[in-house]
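Asker: Quick one: the structure is below, questions incoming.
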Amino acid sequence: MTTGRRRPHRLRLLLISGGLALTLAGGGAAAYKFGLFSDIGDPVSFGKVQEKTATASEALPEVLMPTGPAASFVRTSRLPDGTQIGKATLTGKKSGFTGDVWVWVPKEYDDPKYAQSGFPVLISLPGGRGYPTNYWGTGPGLGLQQAVSDGAKSGKSLPFILIMPVTNADTKHHFDGSDIPGQPKMGTWMADDVPDFAKANFRTFTSRDGWAFMGSSAGGFNGFKQLLKYPDRFKAAIASGTDIVPDSPLWNGNTQAMDENNPEKLAAKLIDAGGPEVYVNFQIGTKETGREQAEKFMNEYGKGPVHTSLQVIQDGEHNGKSYVRGMREGSLEWISKVMKGPTPAPGVR
């Protein structure tokens, strides 16, 4: 009697096992898609070529080899071309703030002919709260990584390293990417800690010619404000659907502190100083507001060392996909012309 009861159970197990095997054999991609064999969340490293073939003494002039200590990355996405997005948690030494940073490096980064070269960094900032995630880094769905890959392949874009940090300290407040008195130092996080993180982990450039921002909405404001505030550190920014002046309620009427983070005030100061030269590309979709504000800034402050341009996105809306399309249509090529790119080593293929 006992044996009779076991046989159907055993048969069911065999049938289930066999069916599962057939399913996996014929649908491996689906299995990966649904996470059965996923390596998402596993440790991931970048820059194996630099570990094997390049040393600081061999690096080309203006190249900064990784300073360390190396961060611990986990894989968050894989792209069809084999490149990966990784995430690490950073505690800023200067700001004291702890947040996540996502990273993507182009295929060229592990090409042996660039093993002694630095790569330009594009710090990519989201709109909205920008916490606890950065939508440019949580996946390739918006197409930013693919746009850079395609641009590099066609020769229209430099192969940028994308550094994608959180931009605010919580989900309730908007910090304008600034050190607002009495609040977490999100300006120091952005202008100091995030670039230091990139320098610690990747081959970069010692000069500002290798450092730029791109951002949408609040992230666009954050990026082009940092550029104007620290023109000795950064050279260019793509600012999409951006605000022009600080608007966080956390300022509490502190006009002096606001002025120190106001792009209009910063641009006027830079013009009076006569440089250094910076480059701002505004992106505006025809289906969103904000073009008048951007053109007003360009007319009033786009002179002397402040170079401005406008990428109008036909039928573009206030969202990441529209802004990536604008980058494909012109902004990536524009920023690549003013930035420094990697240099191949002589005789290395």
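Asker: If amide hydrogens are placed 1.01 Å from N in the peptide plane, which non-local residues have theirs closer than 5 Å to the one on ILE123?
Answerer: Close amide H contacts, sequence-distant or interchain: ILE163, ALA212, PHE213, MET214.
Asker: Which of the peptides 332-343, 68-79 is most tightly packed, and how do the rest follow, going by the mean number of other Cβ atoms within 10 Å of each residue?
Answerer: 332-343, 68-79
Asker: What number comes out for the charge environment of HIS307, summing +1 per Lys or Arg and -1 per Asp or Glu over other residues with Cβ under 12 Å away?
Answerer: +2
Asker: Okay, moving on. Place the peptides 187-195, 131-139, 268-276 in order of packing, highest mean first, counting for every residue the other Cβ atoms within 10 Å and averaging per peptide.
Answerer: The densest-packed peptide leads the list: 187-195, 131-139, 268-276.
Asker: Can you give the FRET efficiency to the nearest 0.05 for LYS172 and ALA345, using r as the Cβ-Cβ distance and R₀ = 35 Å?
Answerer: With R0 = 35 Å, the Cβ-Cβ based efficiency is 0.10.
Asker: Using only the Cα atoms of the stretch 180-322, build the gyration tensor, take square roots of its eigenvalues as a ≥ b ≥ c, and label the shape rounded, prolate or oblate: rounded if a/c is under 1.5, else prolate if a/b is larger than b/c, else oblate.
Answerer: rounded
Asker: Return the single residue from SER178, SER217, SER248 with maximal mean-square fluctuation; model: Gaussian network over the chain, springs between Cα atoms under 10 Å.
Answerer: The residue with the greatest mean-square fluctuation here is SER248.
Asker: Let me ask another. Report the extension gain between GLU260 and ASP232 in nm, rounded to one decimal, defined as 0.36 nm multiplied by the number of residues separating them, less their alpha carbon distance.
Answerer: Using 0.36 nm per residue and subtracting the Cα-Cα distance, I get 8.5 nm.
Asker: On a 0 to 90 degree scale, rounded to 10, what angle separates helix 263-273 from the longest Cα axis of the chain?
Answerer: Tilt of helix 263-273: around 50 degrees.
Asker: Give me the extension gain from ASP42 to THR289: residue separation times 0.36 nm, minus the current Cα-Cα distance, reported in nm with one decimal.
Answerer: 84.7 nm
Asker: Separate question: Of the cross-linked pairs LYS225/LYS265; LYS93/LYS185; LYS87/LYS172; LYS199/LYS265; LYS87/LYS337, which ones have a Cα-Cα span greater than 19 Å in the structure shown?
Answerer: LYS87/LYS172; LYS199/LYS265; LYS87/LYS337
Asker: Treating only the Cβ of Lys, Arg, Asp and Glu as charged (+1, +1, -1, -1), what charge dipole size does the chain show about its Cα centre? Round to the nearest 20 debye.
Answerer: Dipole magnitude for the chain comes out near 1800 debye.
Asker: Which part of the stretch 164-203 falls in the paramagnetic zone of VAL74, meaning amide N under 17 Å from the point 7 Å along Cα-to-beta-carbon?
Answerer: Inside the label zone: 166.
Asker: Using a simple spin-label model with points 7 Å from Cα along the Cα→Cβ vector, what separation in nm is obtained for ASP150 and SER207?
Answerer: 3.2
Asker: Same structure again: Applying a 10 Å radius around every beta-carbon, put 89-100, 145-156 in order of their mean neighbour count, most first.
Answerer: Going by the mean number of other Cβ atoms within 10 Å, highest first, we get 145-156, 89-100.
Asker: Also: In nanometres, what is the gap between the two model label sites at ASP81 and ASN299, each 7 Å from Cα along Cα-to-Cβ?
Answerer: 4.0
Throughout, read-outs are computed from the coordinates displayed, never taken from laboratory work. Everything numeric here is computed off the predicted structure, so don't read it as measured data. Don't worry about glycine lacking a Cβ; one is built from the backbone with ideal geometry, like all the others, and counts go over all protein chains shown.
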